[in-house]
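Contents: one structure, followed by commentary.
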Amino acid sequence: MTEKIGWVCREAFLTLGSDQFERLVGFYQGLLQQVAQPYWPDRYAEFALPGMKLALFRPQVGQQAEFDQPAQGGLSLCLEVVDLEGAIAHLTTLGYPPPGPVMIASHGREIYAYDPDGNRLILHQSHPPSL
């Protein structure tokens, strides 16, 4: 006898709500070098990333306080990159250079950066495979 599953997750999204919606859309279009699709001006934008989607939205008027940037929390958007120095240069060109140095972690080298709303980004370059 098989047990019935209560729910099935078909897809995962990371969503960011922002009152500065268009500024955030512009930042992620520049960072990810893609046009949001679908995109509804001043309301919703979606970016396809490997293994997930990033969705941006403008909170409804009655929900603004819930999405105001709290003190920096534990949530981060982590992006694995091929060339960390190139990613740092790209963020700097966008006007959002990483505020600290490159760090060495168990999985490789990484930097912290922040989007226009102060959401944490972690860009990391994995160690090359051992031979």
Would you kindly derive the ³J(HN,Hα) couplings of segment 53-62 from the backbone phi angles with the Karplus curve 6.51 cos²θ - 1.76 cosθ + 1.60 (θ = phi - 60°), listing them in order in whole Hz, with x for Gly and Pro?
-> 10, 9, 10, 10, 8, 9, x, 5, 3, x
Taking the simple approach of a point 7 Å from Cα along Cα-to-Cβ for both Ala55 and Tyr114, what is their distance in nm?
-> 2.7 nm
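Fully extended, how many nm does the chain gain between Gln20 and Glu80 (0.36 nm per residue separation, minus their Cα-Cα distance)?
Numbers: separation 60, 0.36 × 60 = 21.60 nm, distance 2.60 nm.
Result: 19.0 nm gained on full extension.
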Quick one: what does P(r) look like for segment 10-61 with 5 Å bins over all Cα pairs, in whole %?
-> 5, 23, 34, 25, 10, 4, 0
If amide H atoms are built 1.01 Å from N in the plane of the peptide, which residues on other chains or at least 5 residues away come under 5 Å of the amide H of Leu16?
-> Ala55, Leu56, Phe57
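We did not get these values from a lab; they are worked out from the coordinates using the rules stated. All values derive from a computational prediction rather than experimental measurement. In this analysis, Cβ positions are derived from the backbone assuming ideal geometry, glycine residues included, and neighbour counts consider all displayed protein chains.
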